[in-house]
Amino acid sequence: MLNTIIRNMGISPEEDQEALRQAGEILRTGGLVAFPTETVYGLGGNALNPEASKKIYAAKGRPSDNPLILHIAAPEELPPLVRRIPDYAGKLMDAFWPGPMTLIFEKSDIVPRETTGGLDTAAIRMPSHPVANAMIREAGVPVAAPSANLSGRPSPTTAQHVQEDLDGRIDMILDGGAVDIGLESTILDVTGEVPVILRPGYISREDVERLIGACEVDPAVLKKPSKDLRPKAPGMKYRHYAPKADLTIVEGDPERVVAVIRQLTEQSLAAGKRTGILCARESAPQYSGFAVKDIGSRRNNATIAHNLYRCLREFDDENMEVVYSESFREGELGMAIMNRLTKAAGYHILKV
Ligand code: AMP
Ligand code: MG
């Protein structure tokens, strides 16, 4: 058991500076620090130190073939880590860095295979969160960081979520409050002629197309991976984002969906199961009397993305055994929301 230091950020510039100095020292000497980013909380270690990467896998219980994303503080830190930067990747960086976009390049020799899960490619991102940026600068090394949850749990969107999962397993948590976006970064493979989305996120396919003119999507993004359909991001083959409850998405004509969810919930309750409902603000009143969680208005997809993991964790805290959810496909963010929700449901979608 480690004694995990927890530091609140944003109290005073002096205290922030001291916390960041301490975090930088821990990272340089091979320890682990959880920190806020604009997407979710990350669990950081020195990306160039194979022992630090091994510690990250151990703390999370993460399979060692699931590579880590390297976080940098400035675009100038990229070239030493990669072999080649295609022109279109430069355009993407200019437009979306710092921000919620991870790019996959062929890696250079200084990036150890312990960090890349044995692959010859490396995933790199420059986060925009000021605490993340300052911490990476303070560390003076690229910071390998997966989401700061135990493997299989929803990604953490607050420092309390990190503490629930990792207290005593890591050296330090920088508490910067609730994150902004709440879903992990968009991952784009830029090793080929056109960018390919391996994991959808806040930066949408349409955002990339508007800039570059072309953007493909890995077929494994929305379908259940199988022997013939292997996702190019190794992490996407695991049952990520899994709540404890048996989650089913009900999709179709909105009125039918409400009627079917009500009926299924009644049946499940009659069978003695603790049962919850995840729905849009607009339909919440129609489920009154049930344990319903309002994920936000359909008119604001960013709010739905922001609330998704918190709602899933709350169902866990309430020991729900069965959850029925509406579906949220609309808009450019729909792909990212449904990718996470479908995985959480173990691909169980009921079309009505
Ligand atoms: P997480 O750290 O939990 O946000 O997960 C990181 C995601 O990035 C996982 O799905 C990884 O499989 C993916 N990833 C990281 N590095 C690579 C890489 N070199 N090639 C493909 N996917 C990667
Ligand atoms: Mg993760």
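Here are Tyr241, Tyr287: which of them is of a type in the set (Phe, Trp, Tyr) and touching a residue at least 60 places away in the same chain (Cβ under 8 Å)? Walk me through how you get there before you give the answer.
On the way: Tyr287 fails: touching a residue at least 60 places away in the same chain (Cβ under 8 Å).
Answer to the selection: Tyr241.
Confirm whether Ala95 is away from ligand 1 (no atom under 11 Å from the Cβ), closer than 26 Å to Gln17 by Cα and either surrounded by fewer than 19 Cβ atoms within 10 Å (Cβ to Cβ) or at pLDDT 95 or above (or both).
No; evaluated as a whole, the condition is false for this residue.
Does Lys227 meet the test of being part of a loop (DSSP other than H, G, I, E, B), among the basic types (Lys, Arg), more than 16 Å from ligand 1 (Cβ to nearest atom) and within 30 Å of Thr275 (Cβ to Cβ)?
When the stated conditions are applied, Lys227 does not pass them.
Give me the strands (runs of 3 or more DSSP E) completely within the stretch 26-95, filtered to those with at least 2 residues that are touching a Leu at 6+ places or on another chain (Cβ under 6 Å), ordered by residue number. Explain how you work it out, then say what you get.
Working: elements: 33-35, 42-46, 69-71.
Ranges flagged: 33-35, 42-46.
Identify, please: which residue in the stretch 230-248 is more than 16 Å from ligand 2 (Cβ to nearest atom) and outside any loop (DSSP other than H, G, I, E, B) and is, among those, farthest from Arg274 (Cα to Cα)?
For the stretch 230-248, the residue satisfying everything is Thr248.
Can you tell which of Ile104, Ile110 is away from ligand 1 (no atom under 14 Å from the Cβ) and touching a residue at least 24 places away in the same chain (Cβ under 8 Å)?
Values: Ile104 fails: away from ligand 1 (no atom under 14 Å from the Cβ).
Exactly one residue qualifies, and that residue is Ile110.
Would you please name the residue that is nearest to Pro67 (Cα to Cα), looking only at residues in the stretch 138-155 that are in contact with a strand residue (DSSP E or B) (Cβ under 6 Å, 6 or more places away or on another chain) and more than 11 Å from ligand 1 (Cβ to nearest atom)?
Among those residues, the one meeting the criterion is Val143.
Looking only at residues that are free of Cβ contacts under 8 Å to residues at least 60 places away in the same chain and in contact with a helix residue (DSSP H, G or I) (Cβ under 9 Å, 6 or more places away or on another chain) in the stretch 120-135, which one is farthest from Asp175 (Cα to Cα)?
Looking at the filtered set, the residue picked out is Ala122.
Identify all residues within the stretch 1-37 that are under 30 Å from Ala305 (Cα atoms), in contact (Cβ under 8 Å) with a residue 24 or more places away in the chain and surrounded by fewer than 19 Cβ atoms within 10 Å (Cβ to Cβ); write none if there are none.
Matches in the stretch 1-37: Thr4, Ile5, Ile6, Asn8, Gly10.
If only one of Gly42, Gly61, Gly31 is on the phi < 0 side of the Ramachandran plot and within 16 Å of ligand 2 (Cβ to nearest atom), which one is it?
Gly42
Only one of Ala178, Ala144 is surrounded by fewer than 24 Cβ atoms within 10 Å (Cβ to Cβ), among the hydrophobic types (A, V, I, L, M, F, W, C) and more than 11 Å from ligand 2 (Cβ to nearest atom). Can you tell me which?
The conditions single out Ala178.
Evaluate the stretch 267-276: report whether one residue or more is in a loop (DSSP other than H, G, I, E, B), surrounded by 14 or more Cβ atoms within 10 Å (Cβ to Cβ), at negative phi and at pLDDT 95 or above. Quick ask: steps written out before the conclusion?
Filtering the stretch 267-276 for residues in a loop (DSSP other than H, G, I, E, B) gives 271-274.
Checking which are surrounded by 14 or more Cβ atoms within 10 Å (Cβ to Cβ) leaves us with 273-274.
Now narrow it down to the ones that are at negative phi: 273-274.
Subsequent filtering for residues that are at pLDDT 95 or above retains 273-274.
Yes; the residues of the stretch 267-276 include at least one that is in a loop (DSSP other than H, G, I, E, B), surrounded by 14 or more Cβ atoms within 10 Å (Cβ to Cβ), at negative phi and at pLDDT 95 or above.
Looking at the structure I just gave you, is Ser185 within 16 Å of ligand 2 (Cβ to nearest atom) and at pLDDT 95 or above?
yes
Looking at Glu209, Glu164 in this structure, which one is within 16 Å of ligand 2 (Cβ to nearest atom), in a helix (DSSP H, G or I) and surrounded by fewer than 24 Cβ atoms within 10 Å (Cβ to Cβ)?
Glu164
Looking at Arg256, Arg281, which one is among the basic types (Lys, Arg), surrounded by fewer than 16 Cβ atoms within 10 Å (Cβ to Cβ), in a helix (DSSP H, G or I) and modelled with pLDDT of 95 or more?
On inspection, the qualifying residue turns out to be Arg256.
Take the residues in the stretch 187-206 that are surrounded by fewer than 14 Cβ atoms within 10 Å (Cβ to Cβ) and either aromatic (Phe, Trp, Tyr) or in a loop (DSSP other than H, G, I, E, B) (or both), then tell me which one is farthest from ligand 1 (Cβ to nearest atom).
To start, the set of residues in the stretch 187-206 that are surrounded by fewer than 14 Cβ atoms within 10 Å (Cβ to Cβ) comprises 192-193, 206.
If we keep only those that are either aromatic (Phe, Trp, Tyr) or in a loop (DSSP other than H, G, I, E, B) (or both) too, we end up with 192-193.
Working: Gly192: 12, Glu193: 17 Å.
If we take residues in the stretch 187-206 being surrounded by fewer than 14 Cβ atoms within 10 Å (Cβ to Cβ) and either aromatic (Phe, Trp, Tyr) or in a loop (DSSP other than H, G, I, E, B) (or both), then Glu193 is farthest from ligand 1 (Cβ to nearest atom).
Among Glu251, Glu255, which is the only one that is in contact (Cβ under 8 Å) with a residue 60 or more places away in the chain and either over 23 Å from Ala280 (Cα atoms) or away from ligand 2 (no atom under 16 Å from the Cβ) (or both)?
Unique residue meeting the criteria: Glu251.
The values are calculated or read from the model by the stated rules, or taken from the named source; none is laboratory data. Just so we're clear, the structure is a prediction, and the values are computed from it rather than from any experiment. Heads up, the Cβs are rebuilt from the backbone with ideal geometry, glycines too, and the neighbour counts pull from every protein chain shown.
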